[in-house]
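The values are calculated or read from the model by the stated rules, or taken from the named source; none is laboratory data. Remember, it's a predicted structure, so these values are computed and weren't measured experimentally. All Cβ positions, glycine included, derive from the backbone under ideal geometry; neighbour counts span all protein chains shown.
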Amino acid sequence: MSDPTELLTGSRLKWACRRGMLELDILLGDFIESDYAPLPEQDKRRFQKLLALGDQDLFEHFMKHTPHKDNELNRVIEIVRGAAARRSQSV
């Protein structure tokens, strides 16, 4: 992404969600497929900022081991976690 304010879309965004941990691949991939599109643009930007974190940090935040120091990123973490919880309840 050359312009830091430019949102990733389509296959570039899906590629950015591919991680080194299967758990994150599933969590982020399912979120992109089902829940990302209707997000407000500001939350999409927060989500993409979240993707810049390392796998271990993401894993810790999503598993509620450690909150992120940025409350805006915590908002997106909760959105992703909530979406995953809703999906697991519907199965």
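Key figures for this structure:
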| quantity | calculated |
| --- | --- |
| Top-ranked residue in the stretch 52-87 [being in contact (Cβ under 8 Å) with a residue 40 or more places away in the chain and under 10 Å from the mean Cα position of the chain (by Cα); ranked as surrounded by the most Cβ atoms within 10 Å (Cβ to Cβ)] | Val80 |
| Residue within the stretch 16-31 that is within 21 Å of Ser90 (Cβ to Cβ), of a type in the set (Val, Ile, Thr) and exposed (fewer than 15 other Cβ atoms within 10 Å of the Cβ) present | yes |
| Unique residue being at pLDDT 95 or above and surrounded by fewer than 10 Cβ atoms within 10 Å (Cβ to Cβ) when the list is Pro40, Pro4 | Pro40 |
